[in-house]
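**Student:** After the structure tokens below, expect a handful of questions from me.
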Amino acid sequence: MWVNAMNIDKTVLHDPQIGPNSITLISNAANQHVSHTLVLPNVHARNEFESQLAAQIRCTENTHAVYGVDLSELLMRENSPSGIPQIIEDLVHAMLPHIHTEGLFRIGGAKQDVDRLHDAIDSGSWKPGEAVDTYGIHTVASAFKLFFNELPQPLIPYTLYGRLMSLAENKAASIPQKQSTLNEILSCLPTPHRNLEKFLVSFLATVVTRASASCIK
């Protein structure tokens with residue numbers, strides 16, 4: 001069922017009488033209040049639906065901001081064919097020729113420069129091709145890290161922290177067992193998070209190949 005986000009006045013996360021997998025939408029269509037209750041297969045599906053719906057609602061606002069914006073919302077606004085935020089692709093493209101730089105991520109850019117780049121990105125006034133020359137490579141790398149730091153919901157959502165910590169602390173499990181459990185946990189990521197996680201790991205793997213040159217420890 002399709003629900004026009006512009007008409008939604010209130011969302012009830014779940015109805016205890018129906019179950020935790022339910023979500024009730026109260027909309028104002030043709031000046032009449034209409035409610036729809038959906039029952040999703042499980043809580044995970046309900047949470048993902050809720051996140052996507054909230055992103056659709058917030059996307060009605062016209063803004064250039066990318067920092068501190070929900071990942072689903074940002075991708076919906078950009079209608080990204082790759083499933084990766086444009087800001088991340090632009091920053092990675094800017095950093096790639098410089099990944100041999102010593103302390104690429106270890107050495108932070110000057111706060112005032114990072115703040116200037118942050119504001120320029122959020123206002124849509126920055127020029128990706130000139131970012132390194134204008135602000136410096138460490139400032140660009142800092143802006144990249146800042147995107148992840150300011151996500152309202154982390155790349156690895158809070159709901160999965162406990163399982164990841166338990167996996168890390170399980171010294172009895174073999175490496176194949178840990179790999180299998182890790183893959184199972186990562187499969188629970190919302191699609192936008194899963195796509196970005198894969199992109200990030202691929203980029204960091206490229207950076208690691210230059211670890212000796214950039215003094216990454």
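The values are calculated or read from the model by the stated rules, or taken from the named source; none is laboratory data. Please read all numbers here as calculations on a predicted model, not as lab measurements. Quick reminder, even Gly has a Cβ in these numbers, built from the backbone with ideal geometry, and neighbours come from all protein chains shown. For the accessible areas, the whole protein counts, side chains as well, though only heavy atoms, and no ligand, DNA or RNA atoms are used. Shrake-Rupley method; radii C 1.70, N 1.55, O 1.52, S 1.80 Å.
**Student:** Which numbered condition in (1) open to solvent by 30 Å² or more (accessible area, probe 1.4 Å); (2) touching a residue at least 24 places away in the same chain (Cβ under 8 Å); (3) under 22 Å from the mean Cα position of the chain (by Cα) is the only one that residue 100 fails?
**Tutor:** Every listed condition holds for residue 100 apart from (3).
**Student:** Does residue 119 qualify as being in contact (Cβ under 8 Å) with a residue 12 or more places away in the chain and either under 25 Å from residue 193 (Cα atoms) or in contact with a Phe, Trp or Tyr (Cβ under 6 Å, 6 or more places away or on another chain) (or both)?
**Tutor:** no
**Student:** What single numbered condition from (1) open to solvent by 40 Å² or more (accessible area, probe 1.4 Å); (2) assigned to a helix (DSSP H, G or I); (3) within 24 Å of residue 102 (Cα to Cα); (4) modelled with pLDDT under 95 fails to hold for residue 216?
**Tutor:** Condition (2) is where residue 216 drops out.
**Student:** When the residues of the stretch 143-165 are filtered to those that are out of contact with any Asp or Glu (no Cβ under 8 Å at 6 or more places or on another chain) and under 12 Å from residue 70 (Cβ atoms), which remaining residue is least open to solvent (accessible area, probe 1.4 Å)?
**Tutor:** That would be 157.
**Student:** Oh, and also: Taking the condition touching a helix residue (DSSP H, G or I) at 6+ places or on another chain (Cβ under 8 Å), surrounded by 16 or more Cβ atoms within 10 Å (Cβ to Cβ) and among the charged types (D, E, K, R), does residue 90 pass?
**Tutor:** Working: touching a helix residue (DSSP H, G or I) at 6+ places or on another chain (Cβ under 8 Å): yes; surrounded by 16 or more Cβ atoms within 10 Å (Cβ to Cβ): yes; among the charged types (D, E, K, R): yes.
Answer is yes for this residue.
Here is a yes/no grid of residues against (1) closer than 29 Å to residue 81 by Cβ; (2) hydroxyl-bearing (Ser, Thr, Tyr):
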position	(1), (2)
123	yes, yes
146	yes, no
176	no, no
186	yes, no
